[in-house]
Amino acid sequence: MSTGSTVTTASTVDLTAARYRRHLSTGRAALGEMFGGDVEVCARGAWVRTSTGRELLNCGGYGVFITGARHPRVVAAVREQLDRNPVATRLLLEPQAALAAEALTSVTPPGLSRVHFACGGAEAVEAAIKLARANGKRHLVSMVDGYHGKTLGALSATARPVFTEPFRPLLPDTTHVPFGDVAALAGVLERHPGSACVLVEPVQGEAGVIVPPAGYLPAVAALCAEHGAFLVLDEIQTGLGRLGHWWGGDRDGVVPDVLVAGKALGGGVVPVSAMVATEAAFAPFDRDPFIHTSTFSGAPLGMAAARGALAAIAEEDLVGRAGRIGARLLVELTRLCADVLGDAVAEVRGVGLLIGIECAVEGLAGELLLELMEAGVVANHSLNSDRVLRLTPPAVLDERERQYLLDAFERAARAVSS
(Lines give C-alpha, C1' and ligand atoms only; values in the text may rest on other atoms or scores of the structure.)
Protein backbone atom coordinates (compact mmCIF):
# COMPACT_ATOMS: atom_id res chain seq x y z
CA MET A 1 0.00 0.00 0.00
CA SER A 2 1.47 3.34 -1.03
CA THR A 3 0.10 6.03 1.27
CA GLY A 4 2.91 8.55 1.30
CA SER A 5 5.25 9.28 4.16
CA THR A 6 4.10 8.59 7.70
CA VAL A 7 5.65 10.43 10.63
CA THR A 8 5.80 8.17 13.68
CA THR A 9 7.42 8.29 17.09
CA ALA A 10 7.72 5.68 19.79
CA SER A 11 5.22 7.60 21.91
CA THR A 12 2.45 7.97 19.30
CA VAL A 13 0.36 5.15 20.77
CA ASP A 14 0.78 6.29 24.38
CA LEU A 15 0.05 9.92 23.58
CA THR A 16 -3.06 9.04 21.58
CA ALA A 17 -4.40 6.76 24.32
CA ALA A 18 -3.74 9.45 26.93
CA ARG A 19 -5.62 12.05 24.87
CA TYR A 20 -8.54 9.66 24.45
CA ARG A 21 -8.68 9.19 28.20
CA ARG A 22 -8.40 12.90 28.90
CA HIS A 23 -10.74 14.28 26.26
CA LEU A 24 -12.79 11.54 24.57
CA SER A 25 -13.60 8.31 26.41
CA THR A 26 -11.73 6.14 28.88
CA GLY A 27 -13.77 3.16 27.70
CA ARG A 28 -12.83 3.79 24.09
CA ALA A 29 -9.16 4.06 25.08
CA ALA A 30 -9.36 0.72 26.88
CA LEU A 31 -11.02 -0.88 23.85
CA GLY A 32 -8.23 0.37 21.61
CA GLU A 33 -5.61 -1.05 23.93
CA MET A 34 -7.42 -4.40 23.98
CA PHE A 35 -6.93 -4.54 20.21
CA GLY A 36 -3.20 -4.09 20.50
CA GLY A 37 -3.02 -0.39 21.32
CA ASP A 38 -1.91 0.56 17.82
CA VAL A 39 -3.03 3.74 16.07
CA GLU A 40 -4.24 3.96 12.49
CA VAL A 41 -2.63 6.80 10.57
CA CYS A 42 -3.45 6.33 6.89
CA ALA A 43 -5.42 4.12 4.54
CA ARG A 44 -5.84 3.35 0.89
CA GLY A 45 -7.94 0.79 -0.92
CA ALA A 46 -8.42 -2.27 1.26
CA TRP A 47 -5.52 -1.44 3.61
CA VAL A 48 -4.94 0.52 6.79
CA ARG A 49 -1.46 1.45 8.01
CA THR A 50 -0.70 1.96 11.70
CA SER A 51 1.77 4.17 13.54
CA THR A 52 4.05 1.17 14.05
CA GLY A 53 4.14 0.44 10.32
CA ARG A 54 1.73 -2.52 10.32
CA GLU A 55 -0.54 -2.94 7.31
CA LEU A 56 -3.97 -4.37 8.03
CA LEU A 57 -6.56 -5.61 5.54
CA ASN A 58 -9.71 -3.64 6.34
CA CYS A 59 -12.69 -5.98 6.38
CA GLY A 60 -14.37 -3.86 9.05
CA GLY A 61 -15.46 -0.24 9.07
CA TYR A 62 -19.09 -1.27 9.66
CA GLY A 63 -19.87 -1.31 5.95
CA VAL A 64 -18.48 2.11 5.03
CA PHE A 65 -15.73 1.06 2.65
CA ILE A 66 -17.46 -0.63 -0.32
CA THR A 67 -15.16 1.49 -2.56
CA GLY A 68 -12.17 1.00 -0.26
CA ALA A 69 -10.43 3.93 1.40
CA ARG A 70 -9.47 7.04 -0.55
CA HIS A 71 -10.80 5.82 -3.87
CA PRO A 72 -9.18 8.04 -6.54
CA ARG A 73 -12.56 8.93 -8.09
CA VAL A 74 -13.91 10.14 -4.76
CA VAL A 75 -10.75 11.92 -3.64
CA ALA A 76 -10.49 13.80 -6.95
CA ALA A 77 -14.10 14.99 -6.70
CA VAL A 78 -13.63 16.12 -3.10
CA ARG A 79 -10.35 17.92 -3.82
CA GLU A 80 -11.87 19.81 -6.72
CA GLN A 81 -14.83 20.89 -4.60
CA LEU A 82 -12.61 21.79 -1.64
CA ASP A 83 -10.85 24.35 -3.82
CA ARG A 84 -14.16 25.85 -4.92
CA ASN A 85 -16.90 25.89 -2.29
CA PRO A 86 -16.83 23.25 0.47
CA VAL A 87 -19.75 24.58 2.58
CA ALA A 88 -22.66 26.50 1.11
CA THR A 89 -24.61 29.51 2.38
CA ARG A 90 -27.85 27.46 2.52
CA LEU A 91 -29.77 30.43 1.11
CA LEU A 92 -28.72 30.29 -2.54
CA LEU A 93 -29.29 27.23 -4.67
CA GLU A 94 -26.13 25.12 -4.97
CA PRO A 95 -25.44 22.80 -7.94
CA GLN A 96 -23.60 19.97 -6.17
CA ALA A 97 -26.61 19.05 -4.03
CA ALA A 98 -28.87 18.95 -7.09
CA LEU A 99 -26.36 16.86 -9.04
CA ALA A 100 -25.87 14.44 -6.13
CA ALA A 101 -29.63 14.01 -5.71
CA GLU A 102 -29.96 13.33 -9.43
CA ALA A 103 -27.14 10.78 -9.29
CA LEU A 104 -28.57 9.03 -6.23
CA THR A 105 -32.13 8.80 -7.56
CA SER A 106 -30.80 7.38 -10.82
CA VAL A 107 -29.82 4.19 -8.93
CA THR A 108 -32.60 3.96 -6.32
CA PRO A 109 -35.75 1.90 -7.01
CA PRO A 110 -38.22 3.52 -9.44
CA GLY A 111 -40.45 6.17 -7.92
CA LEU A 112 -38.00 7.24 -5.23
CA SER A 113 -37.28 10.68 -6.61
CA ARG A 114 -36.96 13.11 -3.69
CA VAL A 115 -33.92 13.40 -1.42
CA HIS A 116 -33.01 14.89 1.93
CA PHE A 117 -29.27 14.70 2.61
CA ALA A 118 -27.70 14.44 6.05
CA CYS A 119 -24.36 13.44 7.54
CA GLY A 120 -24.90 10.26 9.58
CA GLY A 121 -27.24 7.30 9.21
CA ALA A 122 -29.19 8.08 12.38
CA GLU A 123 -29.95 11.55 10.99
CA ALA A 124 -31.44 9.98 7.88
CA VAL A 125 -33.56 7.67 10.04
CA GLU A 126 -34.74 10.66 12.10
CA ALA A 127 -35.76 12.40 8.88
CA ALA A 128 -37.70 9.30 7.80
CA ILE A 129 -39.52 9.07 11.15
CA LYS A 130 -40.42 12.76 11.00
CA LEU A 131 -41.62 12.42 7.41
CA ALA A 132 -43.80 9.49 8.45
CA ARG A 133 -45.31 11.59 11.25
CA ALA A 134 -45.89 14.47 8.86
CA ASN A 135 -47.90 11.98 6.79
CA GLY A 136 -49.99 10.99 9.82
CA LYS A 137 -48.12 7.74 10.51
CA ARG A 138 -47.37 8.09 14.21
CA HIS A 139 -47.12 4.48 15.42
CA LEU A 140 -43.56 3.27 14.84
CA VAL A 141 -43.03 -0.43 14.19
CA SER A 142 -39.52 -1.89 14.00
CA MET A 143 -37.96 -5.31 14.39
CA VAL A 144 -36.45 -7.05 17.39
CA ASP A 145 -32.62 -6.82 17.23
CA GLY A 146 -32.86 -4.19 14.50
CA TYR A 147 -30.41 -1.33 14.55
CA HIS A 148 -31.20 2.16 13.28
CA GLY A 149 -28.94 4.49 15.24
CA LYS A 150 -28.64 6.05 18.68
CA THR A 151 -30.25 9.50 18.46
CA LEU A 152 -33.50 9.50 20.45
CA GLY A 153 -35.92 8.87 17.58
CA ALA A 154 -33.72 6.30 15.87
CA LEU A 155 -32.95 4.74 19.25
CA SER A 156 -36.67 4.19 19.81
CA ALA A 157 -36.58 1.88 16.80
CA THR A 158 -33.30 0.22 17.86
CA ALA A 159 -34.57 -2.69 19.88
CA ARG A 160 -31.80 -3.57 22.32
CA PRO A 161 -32.19 -2.72 26.02
CA VAL A 162 -28.47 -2.10 26.64
CA PHE A 163 -28.73 0.92 24.33
CA THR A 164 -32.28 2.04 25.13
CA GLU A 165 -32.74 1.64 28.90
CA PRO A 166 -30.45 4.51 30.04
CA PHE A 167 -32.40 6.98 27.90
CA ARG A 168 -36.05 6.18 28.52
CA PRO A 169 -38.65 7.49 27.99
CA LEU A 170 -38.11 7.34 24.25
CA LEU A 171 -40.73 7.91 21.54
CA PRO A 172 -44.20 6.73 22.58
CA ASP A 173 -46.36 4.53 20.35
CA THR A 174 -43.51 2.20 19.38
CA THR A 175 -43.76 -1.57 18.87
CA HIS A 176 -41.03 -4.14 18.16
CA VAL A 177 -41.93 -7.39 16.41
CA PRO A 178 -39.69 -10.38 15.59
CA PHE A 179 -37.73 -10.04 12.36
CA GLY A 180 -39.06 -12.47 9.77
CA ASP A 181 -42.42 -12.95 11.54
CA VAL A 182 -45.09 -11.82 9.09
CA ALA A 183 -47.99 -12.81 11.33
CA ALA A 184 -46.70 -10.71 14.23
CA LEU A 185 -46.37 -7.67 11.98
CA ALA A 186 -49.87 -8.24 10.56
CA GLY A 187 -51.30 -8.26 14.09
CA VAL A 188 -49.75 -4.88 14.93
CA LEU A 189 -50.83 -3.26 11.66
CA GLU A 190 -54.39 -4.52 12.13
CA ARG A 191 -54.48 -2.67 15.46
CA HIS A 192 -53.15 0.54 13.90
CA PRO A 193 -54.87 0.88 10.52
CA GLY A 194 -53.65 3.80 8.45
CA SER A 195 -51.37 5.14 11.19
CA ALA A 196 -48.25 2.96 11.27
CA CYS A 197 -44.71 3.44 10.02
CA VAL A 198 -42.77 0.20 9.52
CA LEU A 199 -38.97 0.47 9.68
CA VAL A 200 -37.06 -2.63 8.54
CA GLU A 201 -33.62 -3.70 7.30
CA PRO A 202 -33.46 -6.06 4.30
CA VAL A 203 -30.75 -7.95 6.21
CA GLN A 204 -30.13 -7.19 9.87
CA GLY A 205 -26.46 -6.22 10.09
CA GLU A 206 -25.88 -5.37 13.75
CA ALA A 207 -28.07 -8.29 14.81
CA GLY A 208 -25.40 -10.58 13.40
CA VAL A 209 -26.17 -10.65 9.66
CA ILE A 210 -29.66 -12.10 9.97
CA VAL A 211 -31.06 -12.96 6.52
CA PRO A 212 -34.88 -13.12 6.55
CA PRO A 213 -36.89 -16.03 5.14
CA ALA A 214 -37.56 -15.98 1.41
CA GLY A 215 -40.51 -13.74 0.59
CA TYR A 216 -40.39 -11.83 3.88
CA LEU A 217 -39.73 -8.37 2.49
CA PRO A 218 -42.44 -8.59 -0.21
CA ALA A 219 -44.86 -9.78 2.49
CA VAL A 220 -43.97 -6.77 4.65
CA ALA A 221 -44.57 -4.45 1.69
CA ALA A 222 -47.90 -6.12 0.93
CA LEU A 223 -49.04 -5.76 4.56
CA CYS A 224 -48.08 -2.09 4.55
CA ALA A 225 -50.10 -1.53 1.39
CA GLU A 226 -53.07 -3.44 2.83
CA HIS A 227 -53.14 -1.52 6.11
CA GLY A 228 -52.12 1.92 4.85
CA ALA A 229 -48.75 1.81 6.62
CA PHE A 230 -45.67 3.83 5.67
CA LEU A 231 -42.75 1.54 4.70
CA VAL A 232 -39.16 2.65 5.39
CA LEU A 233 -36.27 0.46 4.27
CA ASP A 234 -33.12 1.05 6.29
CA GLU A 235 -30.41 0.45 3.69
CA ILE A 236 -27.66 2.29 5.56
CA GLN A 237 -25.58 -0.86 5.79
CA THR A 238 -27.13 -3.04 3.08
CA GLY A 239 -27.32 -0.49 0.26
CA LEU A 240 -24.96 0.74 -2.44
CA GLY A 241 -23.83 -2.71 -3.53
CA ARG A 242 -23.02 -4.32 -0.19
CA LEU A 243 -25.38 -7.25 -0.85
CA GLY A 244 -24.44 -7.67 -4.51
CA HIS A 245 -27.42 -5.50 -5.53
CA TRP A 246 -27.64 -1.72 -5.52
CA TRP A 247 -30.16 -2.07 -2.67
CA GLY A 248 -31.31 -4.90 -0.47
CA GLY A 249 -34.88 -4.23 -1.54
CA ASP A 250 -33.86 -4.88 -5.15
CA ARG A 251 -33.36 -8.57 -4.32
CA ASP A 252 -37.14 -8.84 -3.89
CA GLY A 253 -38.32 -6.02 -6.12
CA VAL A 254 -39.61 -4.03 -3.13
CA VAL A 255 -40.08 -0.27 -3.50
CA PRO A 256 -40.69 1.47 -0.13
CA ASP A 257 -42.16 4.87 0.61
CA VAL A 258 -38.76 5.87 1.96
CA LEU A 259 -35.27 4.43 1.67
CA VAL A 260 -32.45 5.57 3.95
CA ALA A 261 -28.81 5.33 2.84
CA GLY A 262 -25.49 6.16 4.42
CA LYS A 263 -22.11 4.62 5.30
CA ALA A 264 -20.78 3.94 1.77
CA LEU A 265 -22.53 6.99 0.29
CA GLY A 266 -19.62 9.28 1.18
CA GLY A 267 -17.12 6.97 -0.48
CA GLY A 268 -15.21 6.48 2.76
CA VAL A 269 -14.00 10.11 2.51
CA VAL A 270 -16.77 12.42 3.81
CA PRO A 271 -19.72 11.42 6.03
CA VAL A 272 -22.92 11.53 3.96
CA SER A 273 -26.35 9.98 4.40
CA ALA A 274 -29.68 10.43 2.68
CA MET A 275 -33.38 9.86 2.98
CA VAL A 276 -34.91 9.14 -0.44
CA ALA A 277 -38.70 9.22 -0.77
CA THR A 278 -41.49 8.97 -3.28
CA GLU A 279 -43.02 12.25 -4.39
CA ALA A 280 -46.24 11.47 -2.51
CA ALA A 281 -44.43 10.61 0.72
CA PHE A 282 -42.19 13.69 0.48
CA ALA A 283 -45.11 16.10 0.00
CA PRO A 284 -45.09 17.55 3.58
CA PHE A 285 -41.40 18.46 3.23
CA ASP A 286 -42.12 19.90 -0.22
CA ARG A 287 -44.76 22.27 1.12
CA ASP A 288 -42.48 23.78 3.75
CA PRO A 289 -38.73 23.76 2.99
CA PHE A 290 -37.97 24.77 6.60
CA ILE A 291 -39.94 22.02 8.34
CA HIS A 292 -36.87 19.75 8.52
CA THR A 293 -33.44 21.28 7.95
CA SER A 294 -29.81 20.86 8.95
CA THR A 295 -26.92 23.29 8.56
CA PHE A 296 -24.70 20.75 6.82
CA SER A 297 -27.42 18.95 4.86
CA GLY A 298 -26.27 18.82 1.26
CA ALA A 299 -22.91 20.48 1.97
CA PRO A 300 -21.04 20.71 -1.36
CA LEU A 301 -18.00 18.77 -0.12
CA GLY A 302 -20.17 15.83 0.91
CA MET A 303 -22.17 16.01 -2.29
CA ALA A 304 -18.97 15.80 -4.34
CA ALA A 305 -17.97 12.73 -2.32
CA ALA A 306 -21.37 11.11 -2.92
CA ARG A 307 -21.19 11.74 -6.66
CA GLY A 308 -17.67 10.32 -6.75
CA ALA A 309 -18.73 7.24 -4.79
CA LEU A 310 -21.77 6.57 -6.97
CA ALA A 311 -19.64 6.96 -10.09
CA ALA A 312 -16.94 4.63 -8.77
CA ILE A 313 -19.49 1.95 -7.81
CA ALA A 314 -21.06 2.09 -11.28
CA GLU A 315 -17.89 2.42 -13.36
CA GLU A 316 -16.07 -0.44 -11.63
CA ASP A 317 -19.11 -2.70 -11.29
CA LEU A 318 -18.60 -2.88 -7.54
CA VAL A 319 -22.16 -4.13 -7.13
CA GLY A 320 -21.44 -7.16 -9.29
CA ARG A 321 -18.01 -7.62 -7.69
CA ALA A 322 -19.56 -7.61 -4.22
CA GLY A 323 -21.90 -10.40 -5.25
CA ARG A 324 -19.20 -12.52 -6.86
CA ILE A 325 -16.51 -12.03 -4.21
CA GLY A 326 -19.00 -12.48 -1.39
CA ALA A 327 -20.35 -15.75 -2.81
CA ARG A 328 -16.82 -17.20 -2.98
CA LEU A 329 -15.88 -15.99 0.48
CA LEU A 330 -19.04 -17.45 1.98
CA VAL A 331 -18.20 -20.90 0.61
CA GLU A 332 -14.53 -20.71 1.60
CA LEU A 333 -15.15 -19.36 5.10
CA THR A 334 -17.82 -21.99 5.70
CA ARG A 335 -15.31 -24.69 4.76
CA LEU A 336 -12.58 -23.21 6.95
CA CYS A 337 -14.89 -22.94 9.95
CA ALA A 338 -16.02 -26.55 9.53
CA ASP A 339 -12.46 -27.84 9.10
CA VAL A 340 -10.81 -25.87 11.90
CA LEU A 341 -13.51 -24.85 14.39
CA GLY A 342 -16.13 -27.54 13.85
CA ASP A 343 -19.09 -27.35 16.23
CA ALA A 344 -17.67 -24.19 17.86
CA VAL A 345 -19.21 -22.27 14.94
CA ALA A 346 -22.99 -22.45 14.69
CA GLU A 347 -23.34 -20.90 11.23
CA VAL A 348 -21.60 -18.86 8.56
CA ARG A 349 -24.12 -16.74 6.71
CA GLY A 350 -24.38 -13.65 4.58
CA VAL A 351 -25.33 -11.95 1.36
CA GLY A 352 -22.72 -10.33 -0.86
CA LEU A 353 -19.99 -8.73 1.22
CA LEU A 354 -21.98 -8.71 4.46
CA ILE A 355 -20.88 -11.92 6.18
CA GLY A 356 -21.49 -13.10 9.73
CA ILE A 357 -19.81 -15.96 11.59
CA GLU A 358 -21.94 -17.03 14.55
CA CYS A 359 -20.03 -18.80 17.29
CA ALA A 360 -21.63 -21.48 19.44
CA VAL A 361 -19.15 -20.86 22.27
CA GLU A 362 -19.41 -17.83 24.54
CA GLY A 363 -16.54 -15.39 24.02
CA LEU A 364 -15.21 -17.07 20.88
CA ALA A 365 -16.26 -14.23 18.54
CA GLY A 366 -14.21 -11.78 20.60
CA GLU A 367 -11.21 -14.10 20.61
CA LEU A 368 -11.46 -14.50 16.83
CA LEU A 369 -11.66 -10.72 16.43
CA LEU A 370 -8.44 -10.28 18.43
CA GLU A 371 -6.61 -13.08 16.63
CA LEU A 372 -7.67 -11.73 13.24
CA MET A 373 -6.18 -8.37 14.17
CA GLU A 374 -2.98 -10.16 15.16
CA ALA A 375 -3.04 -11.94 11.79
CA GLY A 376 -3.43 -8.63 9.94
CA VAL A 377 -7.18 -8.25 9.36
CA VAL A 378 -9.62 -5.70 10.79
CA ALA A 379 -13.12 -7.15 11.32
CA ASN A 380 -16.09 -6.09 13.48
CA HIS A 381 -18.20 -7.47 16.25
CA SER A 382 -21.98 -7.12 15.98
CA LEU A 383 -23.53 -4.55 18.32
CA ASN A 384 -26.72 -6.56 18.85
CA SER A 385 -25.12 -10.02 18.94
CA ASP A 386 -21.92 -10.67 20.87
CA ARG A 387 -21.55 -14.14 19.35
CA VAL A 388 -21.24 -12.95 15.75
CA LEU A 389 -18.03 -11.84 14.04
CA ARG A 390 -18.85 -9.65 11.05
CA LEU A 391 -16.84 -9.18 7.86
CA THR A 392 -17.57 -6.30 5.48
CA PRO A 393 -14.69 -6.27 2.98
CA PRO A 394 -14.52 -3.68 0.21
CA ALA A 395 -15.64 -4.66 -3.26
CA VAL A 396 -12.27 -3.51 -4.62
CA LEU A 397 -10.68 -6.60 -3.03
CA ASP A 398 -8.40 -8.36 -5.52
CA GLU A 399 -7.48 -12.04 -5.67
CA ARG A 400 -4.34 -11.63 -3.58
CA GLU A 401 -6.25 -9.74 -0.90
CA ARG A 402 -9.06 -12.29 -0.87
CA GLN A 403 -6.51 -15.04 -0.27
CA TYR A 404 -4.80 -12.93 2.40
CA LEU A 405 -8.12 -12.72 4.25
CA LEU A 406 -8.65 -16.48 4.06
CA ASP A 407 -5.10 -17.25 5.21
CA ALA A 408 -5.41 -14.82 8.10
CA PHE A 409 -8.77 -16.27 9.10
CA GLU A 410 -7.33 -19.78 9.11
CA ARG A 411 -4.44 -18.65 11.34
CA ALA A 412 -6.86 -16.93 13.69
CA ALA A 413 -9.16 -19.95 13.79
CA ARG A 414 -6.27 -22.31 14.56
CA ALA A 415 -5.05 -19.96 17.29
CA VAL A 416 -8.39 -19.95 19.13
CA SER A 417 -8.88 -23.69 18.67
CA SER A 418 -5.49 -24.70 20.08
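For Arg70, indicate whether it is surrounded by fewer than 20 Cβ atoms within 10 Å (Cβ to Cβ) and under 28 Å from Ile355 (Cα atoms).
Details: surrounded by fewer than 20 Cβ atoms within 10 Å (Cβ to Cβ): yes; under 28 Å from Ile355 (Cα atoms): yes.
So Arg70 fits the description; yes.
A count restricted to the stretch 366-387 and to residues that are in a strand (DSSP E or B) and farther than 29 Å from His71 by Cα stands at 3.
Go through the stretch 74-87 and report how many residues are surrounded by fewer than 19 Cβ atoms within 10 Å (Cβ to Cβ) and either touching a residue at least 60 places away in the same chain (Cβ under 8 Å) or within 16 Å of Pro271 (Cα to Cα) (or both). Please lay out each step first, then the result.
So the first thing to find is which residues in the stretch 74-87 are surrounded by fewer than 19 Cβ atoms within 10 Å (Cβ to Cβ), and the list is 75-76, 79-80, 82-87.
Then drop every residue that is not either touching a residue at least 60 places away in the same chain (Cβ under 8 Å) or within 16 Å of Pro271 (Cα to Cα) (or both), which leaves 75-76, 79-80, 82, 84-87.
Here the count works out to 9.
Return the only residue of Glu374, Glu358, Glu367 being among the acidic types (Asp, Glu) and within 15 Å of Val211 (Cα to Cα).
On the way: Glu374 fails: within 15 Å of Val211 (Cα to Cα); Glu367 fails: within 15 Å of Val211 (Cα to Cα).
Going through Glu374, Glu358, Glu367 in turn, the sole match is Glu358.
Residue count for the stretch 116-156 under the criterion of being over 30 Å from Asp386 (Cβ atoms) and surrounded by fewer than 24 Cβ atoms within 10 Å (Cβ to Cβ): the result is 7.
Check whether at least one residue in the stretch 394-405 is farther than 19 Å from Gln237 by Cα, touching a helix residue (DSSP H, G or I) at 6+ places or on another chain (Cβ under 8 Å) and modelled with pLDDT of 95 or more, and report yes or no. Yes: one or more hits. From the list Ala280, Ala305, the one residue that fits, being hydrophobic (A, V, I, L, M, F, W, C), more than 29 Å from Glu316 (Cα to Cα) and in a helix (DSSP H, G or I), is Ala280. If you go through the stretch 376-418 and keep only what is without any contact (Cβ under 8 Å) to a residue 60 or more places away in the chain and surrounded by 20 or more Cβ atoms within 10 Å (Cβ to Cβ), you end up with Leu389, Ala412. Of everything in the stretch 284-297 that is in contact (Cβ under 8 Å) with a residue 12 or more places away in the chain and not in a loop (DSSP other than H, G, I, E, B), the residue that is farthest from Glu94 (Cα to Cα) is Pro284.
Hey, among the residues in the stretch 309-365 that are charged (D, E, K, R) and in a helix (DSSP H, G or I), which one's farthest from Ser382 (Cα to Cα)? Even if it seems obvious, please write down each step before you answer.
Taking the stretch 309-365 first, the residues charged (D, E, K, R) are 315-317, 321, 324, 328, 332, 335, 339, 343, 347, 349, 358, 362.
With in a helix (DSSP H, G or I) added as a condition, the list becomes 315, 321, 324, 328, 332, 335, 339, 343.
Numbers: Glu315: 31, Arg321: 24, Arg324: 24, Arg328: 22, Glu332: 21, Arg335: 22, Asp339: 24, Asp343: 20 Å.
Selected residue: Glu315.
Pro212 meets all of the listed conditions (1) in contact (Cβ under 8 Å) with a residue 40 or more places away in the chain; (2) under 30 Å from Gly241 (Cβ atoms) but one, namely (1). With a requirement of 2 or more residues that are under 30 Å from Asp288 (Cα atoms) and touching a helix residue (DSSP H, G or I) at 6+ places or on another chain (Cβ under 9 Å), the helices (runs of 4 or more DSSP H) lying completely within the stretch 111-183 that satisfy it span 121-134, 152-157. Among the residues making up the stretch 84-101, those that are over 25 Å from the mean Cα position of the chain (by Cα) and of a type in the set (S, T, N, Q) are Asn85, Thr89. The residues on offer are Gly63, Gly53, and the sole one that is within 24 Å of Val258 (Cα to Cα) and modelled with pLDDT under 95 is Gly63. Of all residues in the stretch 245-267, those that are in contact with a strand residue (DSSP E or B) (Cβ under 8 Å, 6 or more places away or on another chain), surrounded by fewer than 24 Cβ atoms within 10 Å (Cβ to Cβ) and in a loop (DSSP other than H, G, I, E, B) total 2.
The values are calculated or read from the model by the stated rules, or taken from the named source; none is laboratory data. Predicted, not measured: the structure shown is a model, and the values here were computed from it. With ideal geometry, Cβ positions are generated from the backbone for all residues, glycine too; neighbour counts draw on all protein chains shown.
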